[in-house]
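Only one structure is covered here, and it is reproduced in the block below.
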Amino acid sequence: MKNYKFSINGHTYDVLVKSVEDNLAQVEVNGTPYEVTLEKEVKTTKTPKLVRAKTPQPTAAPKPLASNASISKIDAPLPGIILDLLVKEGDVVKKEDTLLIMEAMKMENKVLAEKGGTIKSIKIKVGDNVLQGQLLIEIE
């Protein structure tokens, strides 16, 4: 059973969907039961967009250390599970080297280095569940 609140032309309706079988739904609107025939199901895509967030650059205050300006932060492109970590802190990597493999949306995805450098810190370990945009690795 799902409960919805609709507002139509300024009127509010509490709708309880009791059951749906084929194209016939049993609903209750503001306490009154109805049998509703569904013409077609309305579907919206829930496919997540792959977004790699850029680190915002502060405009008002300068960075405390000049070396921080060259740090590249690798964030999780999608929510998923870390399957394999191919680097460790102190390793030297080149641009587009594979840093780790994560499972997202039932697929194995390689996370690549955006620039060359030295692995400064690793914020995750194998088996961790990560969220989209979560910091994984910092490269100096």
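Observations on the structure shown:
- Among the residues making up the stretch 115-135, those that are touching a residue at least 60 places away in the same chain (Cβ under 8 Å) and either over 18 Å from the mean Cα position of the chain (by Cα) or in a loop (DSSP other than H, G, I, E, B) (or both) are Gln132, Gly133.
- Applying a threshold of 7 Å to beta carbon distances and a minimum spacing of six or more residues, or different chains, the list of pairs starting in the stretch 9-31 at a residue that is open to solvent by 50 Å² or more (accessible area, probe 1.4 Å) and ending at one that is not in a strand (DSSP E or B) reads Tyr13/Asn30; Asp14/Asn30; Lys18/Met1; Asn23/Leu38.
- Restricting attention to the stretch 78-98, the residues that are open to solvent by less than 40 Å² (accessible area, probe 1.4 Å), over 11 Å from Ile137 (Cβ atoms) and modelled with pLDDT of 90 or more add up to 1.
Conditions tested, residue by residue: (1) in contact with a Phe, Trp or Tyr (Cβ under 9 Å, 6 or more places away or on another chain); (2) small (Gly, Ala, Ser); (3) outside any loop (DSSP other than H, G, I, E, B); (4) at pLDDT 90 or above.
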| position | (1), (2), (3), (4) |
| --- | --- |
| Glu28 | yes, no, yes, yes |
| Val42 | no, no, no, no |
| Thr47 | no, no, no, no |
| Leu50 | no, no, no, no |
| Ala53 | no, yes, no, no |
| Lys63 | no, no, no, no |
| Leu100 | no, no, yes, yes |
| Asn109 | no, no, yes, yes |
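- Annotation: Glu138 fulfils all but one of (1) in a strand (DSSP E or B); (2) within 22 Å of the chain's Cα centre (by Cα); (3) free of Cβ contacts under 8 Å to residues at least 60 places away in the same chain; the unmet one is (3).
The values are calculated or read from the model by the stated rules, or taken from the named source; none is laboratory data. Just so you know, these numbers come straight off a predicted model, no measurement behind them. As a convention, Cβ positions derive from the backbone with ideal geometry for all residues, glycine included, and neighbour counts pool all protein chains shown. Only protein heavy atoms, including side chains, enter the accessible area calculation; ligands, DNA and RNA are left aside. Shrake-Rupley method; radii C 1.70, N 1.55, O 1.52, S 1.80 Å.
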